[in-house]
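All of the numbers you see were taken from the coordinates with simple rules; none came from a lab. A quick note: this is a predicted structure, and the numbers were derived from the prediction, not measured. In this analysis, Cβ positions are derived from the backbone assuming ideal geometry, glycine residues included, and neighbour counts consider all displayed protein chains.
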Amino acid sequence: MPTAIPESLRDHATGPRIQVPQPPQWPALSEARKDTKKRRIAQLLAEQDAVLVAHYYTDADLQELAEETGGCVADSLEMARFGSASPANTLVVCGVRFMGETAKIINPEKRVLMPDLAATCSLDEGCPPDTFTDFCDRHPDRTVVVYANTGVRVKARADWVVTSSIALPVIEHLHRQGQKILWAPDKHLGRYIERMTGADMLLWQGTCVVHEEFKGFALEGVRRLHPDAAVLVHPESPADVVEQADVVGSTAQLIDAASRLPNPKLIVATDQGIFWKMRCSAPGKKLIAAPTAGIGATCESCAHCPWMAMNALQNLEQVLLTGDQEIHVDPEIRERAVRPIRRLLAFARDRHATAPPGVPVRARSE
Ligand code: SF4
């Protein structure tokens, strides 16, 4: 039976309150200036034997440029695999800090740059390594599984690292072996996996500031306005949003579902950065952002991650010119952090679990 976290433990399973930054206001670039900048960046990448590895939540210009220059646009699992397979000496990771750190952990011999090292993540920020280590030490009977959205020291304490595209099969695998799980940091994703697998999971109480803002009651209203729309939901969203989904999945799985489903309209509950890739893979479909605010609701992120928004053509060009904003990882911690990541990559390889395999499709309860 799933384990409800006792009230007495909650303090130990919760990180600090997160300060959400204001998204940066980049000066608008004319199309001509944008093209000039893109050509300059492409030239710098070639000169420096560098490749762009971009996440689906980053700005459309960055995603386009990554594809045009032989890089990749992907979810965090595929970003890690691409970085390893690429012969380039420098990986320029457009995304948030844990993605750059993961690239460095797997590829210590490569130079890993990011447009802005301050681009972090509420899940990472909300899981401080010392508090987390203390939490793990109190539960030595549990297998520690952490989401990729964590810092190096948290990964170093874990038995497994997973991404949202592969979390379900990993937990199913461990549950079949009779293992009890300590899960961190996203409580919504943890609860979703707990419900789907029946595994015994003790949950850290972190949240993603973007997905936390989706509102179940407001989504009901949007669905009534668009009865022919399918609802696509990332499982970092609250349970009352997930319950209304036709498809629950990782970013790559949602993009796949967008092209596969027959519906002419899609209501999408994840960061709106994904719309660029969804439009490429499902042209002609109407994409509707799931509501992040209703009557009396507050909205800190409005479906766009303020840390992902720190990546832009302007600071990408700058980092290629200066070489600062380089990721460094302590070699001793790296030695420990690489083990659970390698375990993940081996598991994915053995299962041929290249995203998107078998998108979990859930019928609505109505
Ligand atoms: S969208 Fe959420 S999980 Fe992703 S980087 Fe931003 S805060 Fe973290």
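Quick notes
- The simple spin-label model puts a point 7 Å past each Cα toward its Cβ; for residue 109 and residue 17 those points are separated by 4.8 nm.
- Listed residue pairs exceeding 32 Å between alpha carbons, taken from 34/187; 180/265; 187/265; 110/265: 34/187; 180/265; 110/265
- GNM result for the chain, Cα springs below 10 Å: residue of 212, 31, 109 fluctuating most strongly: 31
- Residue by residue, the range 113-128 carries 3J(HN,Hα) couplings of 10, 9, x, 8, 5, 7, 6, 10, 7, 5, 6, 4, 4, x, 10, x Hz when phi is fed to the Karplus relation 6.51 cos²θ - 1.76 cosθ + 1.60 (θ = phi - 60°); x denotes Gly or Pro.
- Stretchable slack from residue 226 to residue 281, in nm (0.36 nm times residue separation minus alpha-carbon distance): 17.7 nm
- Averaging the Cα positions of each part gives two centres, and for the range 301-315 and the range 261-281 these lie 19 Å apart.
- The Cβ shell under 9 Å around residue 180 holds other residues with a net charge of -1, Lys and Arg each +1, Asp and Glu each -1.
- Between 208, 302, 280, the GNM of the chain built on Cα springs shorter than 10 angstrom shows 280 fluctuating the most.
- Here the peptides 188-195, 342-349 are ranked by packing, the mean other Cβ count within 10 Å, and the order with the highest first is 188-195, 342-349.
- The H on the amide N of residue 202, modeled in the peptide plane, is under 5 Å from the matching H of 181, 182, 183, each at least 5 residues off or on a different chain.
- Potential extension, residue 177-residue 67 segment - 0.36 nm per residue separation minus Cα distance: 35.5 nm
- Each of residue 33 and residue 217 was given a label point 7 Å from its Cα along the Cα-to-Cβ line. The distance between the two points is 4.4 nm.
- Theoretical FRET efficiency, 1/(1+(r/R0)^6), r = Cβ-Cβ of residue 48 and residue 351, R0 51 Å, to 0.05: 0.90
- Over all other residues within a Cβ to Cβ distance under 12 Å of residue 137, the charged ones net out to 0, with Lys and Arg as +1 and Asp and Glu as -1.
- Among 236, 68, sorting on how many other beta-carbon atoms sit within 10 Å of each Cβ, with the fewest leading, yields 68, 236.
- Residue-averaged [θ]222 nm for the chain, counting only DSSP H segments that reach four residues, each worth -39500 (n - 2.57): -12000 deg cm²/dmol
- Using R0 = 22 Å, the C-beta based FRET efficiency linking residue 130 and residue 239 works out to 0.15.
- In Hz, Karplus ³J(HN,Hα) per residue of the range 43-51 (6.51, -1.76, 1.60; θ = phi - 60°; x = Gly, Pro): 5, 5, 4, 5, 5, 9, 6, 10, 9
- For the chain, the extents of the C-alpha atoms along the principal axes are 57, 54, 40 Å, listed from largest to smallest.
- Label-point gap, in nm, between residue 326 and residue 314 - each point 7 angstrom along Cα→Cβ: 2.6 nm
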